[in-house]
1. How much length is gained on full extension from Asp44 to Leu171, taking 0.36 nm per residue of separation minus their Cα-Cα distance?
2. Kindly write out, for segment 120-127 in residue order, the coupling ³J(HN,Hα) from the Karplus curve 6.51 cos²θ - 1.76 cosθ + 1.60 (θ = phi - 60°), rounded to whole Hz, with x marking Gly and Pro.
3. Which of the lysines could a cross-linker bridge to Lys5, judged by Cα under 20 Å and excluding same-chain residues fewer than eight apart?
4. Between Ile130 and Val51, 0.36 nm times their residue separation minus their Cα-Cα distance comes to what?
5. Could you work out how much longer the chain between Phe36 and Asp114 gets when fully extended? Use 0.36 nm per residue separation minus the Cα distance between them, nm to one decimal.
6. Segment 27-101: which GluC sites (Glu not before Pro) are DSSP loop and have at most 13 other beta-carbon atoms within 10 angstrom?
7. Using modelled backbone amide H atoms (1.01 Å from N, in-plane), which distant-in-sequence or interchain residues come within less than 5 Å of Ala101's amide H?
8. What does the charge count around Leu143 come to, taking other residues whose C-beta lies under 14 Å from its C-beta (Lys +1, Arg +1, Asp -1, Glu -1)?
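Rule-based calculations on the coordinates, nothing more; no lab input. The shown structure was predicted, so the numbers you read here are calculated from the model rather than taken from an experiment. Note: ideal-geometry Cβ built from the backbone for every residue, glycine included; neighbour counts use all protein chains shown.
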Amino acid sequence: MPQLKLLYAEPFRLVLIPNVCTYCSKVNTKVECAEFQLGILTCDDHKPLAVRDVRAYLHRRGQVMYKDAIQDPLFTTTGLLEMDIKVRRSSGAIENNWKLAKPSFGNRCLVSLDDSGNWYMIASLRDDEIIRGVHVSDLKMVLPATQHMLVDRFIERLSAGFYKAEQEAYLTAVAESSDNPGPACSESNIYTIHHPSIGYGRVVIPPIKGDPELFG
């Protein structure tokens, strides 16, 4: 197993970057995505860390991956993923024939918490020609009263934190990183920094080449 260099990582833009594992600099074979073109590159050895750190990132943002959310009984026992649903427009009007959208190349259909404290999912109309958010609580409009408690329990689970365990493990890694800053900069290009909102972390910065004045 390659020597571990980073104890944790933050998702970053997956555009024009070296194809190496974020944690150990080994040529990567996988990517763990948080959003479109945002994620963590990882080798097979460190995939569990990438999964943990992406989930912790989503926890802090009030988001849950579609693939994790649909494992809840609300979806596995009701057929909601295939049935027509109703969407409440800002005018108060109710529209029919929408469906819960499935992830696509540019839309990961994350379950998200809005500014008003309501959880919502992405609904689509006419094969994703039109998309908009639908409050999870409004899914009751197409379910019988006997299944409304599934909606309430799903919302409770979302609010309690789908990824609470991963966030706690992430914070432990952050604490361990700050307690053990690792090798000096002269030994490698790994730097321990403190970000005002993220906290302690380590970043990989390639050696500066060329005229130093250009980088002053």
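1. Working: separation 127, 0.36 × 127 = 45.72 nm, distance 2.25 nm.
My answer for the length gained is 43.5 nm.
2. Once θ is set to phi - 60°, the couplings for segment 120-127 become 9, 10, 9, 10, 10, 10, 6, 6 Hz.
3. Correct list for Lys5: Lys26, Lys30, Lys47.
4. Values: separation 79, 0.36 × 79 = 28.44 nm, distance 3.08 nm.
Gain on stretching Ile130 to Val51: 25.4 nm.
5. Numbers: separation 78, 0.36 × 78 = 28.08 nm, distance 1.89 nm.
Fully extending the segment from Phe36 to Asp114 adds 26.2 nm.
6. Numbers: sites: Glu32, Glu35, Glu82, Glu95; in loops: Glu82.
Of the GluC sites (Glu not before Pro), the ones in loops of segment 27-101 whose Cβ has at most 13 other Cβ atoms within 10 Å are Glu82.
7. The answer is Ile122, Ala123, Ser124.
8. Spelling it out: positives minus negatives among the neighbours equals -2.
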